[in-house]
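Read through the structure below, which is laid out as structure tokens, and then see the notes.
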Amino acid sequence: MSNDLLIIRSTPAPLETVCTRLAEVSASHKFGVQAVHNLREKMETKGVPFGRECRVIEVCNPRHAANVLGQNIEIATALPCRIAVYEEGGRTILATMKPTMMLTMFNAPGAAATAREVEDTMVRIMDETCRA
């Protein structure tokens, strides 16, 4: 699974276990869970059958968010960081957009170092979650 815009990891651990672990690992890196969206449940409550499990977990570090928002408030459209957790081929997949790639949409060269730091941390969070 290669994609220049995404960070993708996989694990044999069950989806529910991964979601719980992701919240714990994120907190250990000073990223708090802002929201969890259960896409299957949400779609079904709207009358749209969706047979796959998929969670979107929003995580944020307020210090990093304040830094990039201070560069360009339009970056708020890309916050918080979102990690999709879904099942594919008998494995649980974690995927997120690369913060460094998303930053290229905005005129905020002063935020590049923060985007790199966030991206490095997101990789660590996803790797540690998959090791459990």
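Per-structure values
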quantity	calculated
Options Glu16, Glu87: the member that is surrounded by fewer than 16 Cβ atoms within 10 Å (Cβ to Cβ), under 20 Å from Cys130 (Cα atoms), of a type outside the set (Phe, Trp, Tyr) and touching a Leu at 6+ places or on another chain (Cβ under 7 Å)	Glu87
Per-region count, the range 34-60, residues within 18 Å of Val123 (Cβ to Cβ) and in contact with a helix residue (DSSP H, G or I) (Cβ under 7 Å, 6 or more places away or on another chain)	2
Unique residue being touching a Phe, Trp or Tyr at 6+ places or on another chain (Cβ under 6 Å) and polar (S, T, N, Q) when the list is Asn72, Asn67	Asn72
Cβ-Cβ under 7 Å pairs, at least 6 apart or on other chains, the range 95-113 side open to solvent by 40 Å² or more (accessible area, probe 1.4 Å), far side of a type in the set (A, V, I, L, M, F, W, C) and part of a strand (DSSP E or B)	Met97/Leu6; Lys98/Leu6; Lys98/Ile7
Any hit, the range 72-79, residues being hydroxyl-bearing (Ser, Thr, Tyr), open to solvent by 30 Å² or more (accessible area, probe 1.4 Å) and in contact (Cβ under 8 Å) with a residue 24 or more places away in the chain	no
Residues being loosely packed, with under 13 Cβ neighbours inside 10 Å and of a type in the set (Val, Ile, Thr) - total across the range 25-54	2
Counted residues, the range 1-20 - those being within 26 Å of Met101 (Cα to Cα) and of a type outside the set (Ser, Thr, Tyr)	10
Near pairs, Cβ below 6 angstrom, 6+ apart or cross-chain, from the range 18-42 (small (Gly, Ala, Ser)) to any residue that is in a helix (DSSP H, G or I) and surrounded by 14 or more Cβ atoms within 10 Å (Cβ to Cβ)	Ser26/Ile125
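The values are calculated or read from the model by the stated rules, or taken from the named source; none is laboratory data. Everything numeric in this text was worked out from a predicted model, so none of it was measured. All Cβ positions, glycine included, derive from the backbone under ideal geometry; neighbour counts span all protein chains shown. Ligands, DNA and RNA are excluded from the accessible area calculation, which covers all protein heavy atoms including side chains. Shrake-Rupley method; radii C 1.70, N 1.55, O 1.52, S 1.80 Å.
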